[in-house]
Structure formats: structure tokens, C-alpha cells
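Reviewing the structure listed below.
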Amino acid sequence: QVQLVESGGGLVQSGGSLKLSCAASGRTFRTFAMGWFRQGPGKEREFVAAISWNGGNTYYADSVKGRFTISRDNAKNTVYLQMNILKPEDTAVYYCAAGFSESQRYPNQYHDWGQGTQVTVSS
């Protein structure tokens, strides 16, 4: 198992950018796929992006494809989410999670979660 801590959230204007980080503890980090999810006000938690254990494969939700980029640095035990051209509908708490496969898109398929970081996009 891994412990995860997200950072980098904040308030940004529409069209702006933010880069989220998720720092992991534990030597098993590099063996897990990693995902980013988000939960907006009154909404269910939804898949945003995922990356394989070695960074070779990535998956994105259609709503963020072309705007967000997931990456990881196993030497630093960190996964990132670069978010560009942000929109008000991207406002949510963003969570990182560890899982067994980067192709999994449902929260219950991930076994460890961070506490989340708030992203607010103003119009």
C-alpha cells in the first residue's frame, strides 16, 4: 500500500493552468498504476486520467483530453496532472489514487487514495 498526498490546487481564471502533484510514500509506488479523479459539488467522483506503472500508457476522460496531461517520476515517487485551458466545469476536488491497472476508470477499482486538493476555476 501507499500513502498519497496531493498538492497544487488553487483558484485560477478560466483559460489558465495548474499543475497538481501527488507525492507517494512506500517503495511499492513504482509498481502501481496511478489515477486522477475529481468530484465536483453535488456530483459523483469521476475519472480524469490514469498512467501505467512505467508511464508508458496513459488514459484520459474525453472531457479533459487535449487539455490535461498525466505524468509520473518514479525516482521522486510523484505523479503529476498538468491542467491547461481550464474551464469553470473543471472546478472540483481532485484526488490521486493507486491501482493495479491504468485502464480502470471506476473509483472502487483503486485501493489507496489521497485526501484531495481543491481546484476552483472562475469564469
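The values are calculated or read from the model by the stated rules, or taken from the named source; none is laboratory data. Computed from a prediction, not measured in an experiment: that's the story for all the values here. Cβ placement follows ideal geometry from the backbone for every residue including glycine, while neighbour counts extend to all protein chains displayed. Keep in mind that these areas ignore ligands, DNA and RNA; they rest on the heavy atoms of the full protein, side chains included. Shrake-Rupley method; radii C 1.70, N 1.55, O 1.52, S 1.80 Å.
All of Ser21, Ser103 fail the test of being open to solvent by less than 50 Å² (accessible area, probe 1.4 Å), among the hydroxyl-bearing types (Ser, Thr, Tyr) and within 15 Å of the chain's Cα centre (by Cα), apart from Ser21. Candidates in the range 78-100 are the residues that are without any contact (Cβ under 8 Å) to a residue 60 or more places away in the chain, more than 10 Å from the chain's Cα centre (by Cα) and open to solvent by less than 30 Å² (accessible area, probe 1.4 Å); of these, the one that is farthest from Gly42 (Cα to Cα) is Thr78. Out of curiosity, is Gly9 more than 22 Å from Ser101 (Cβ to Cβ), modelled with pLDDT of 95 or more and touching a Lys or Arg at 6+ places or on another chain (Cβ under 9 Å)? No. If you go through the range 27-42 one residue at a time, do you hit one that is closer than 22 Å to Glu89 by Cβ and exposed (fewer than 13 other Cβ atoms within 10 Å of the Cβ)? Within the range 27-42, one or more residues are closer than 22 Å to Glu89 by Cβ and exposed (fewer than 13 other Cβ atoms within 10 Å of the Cβ).
Only residues that are within 22 Å of Val2 (Cα to Cα) and among the hydroxyl-bearing types (Ser, Thr, Tyr) were counted in the range 42-83, giving 6.
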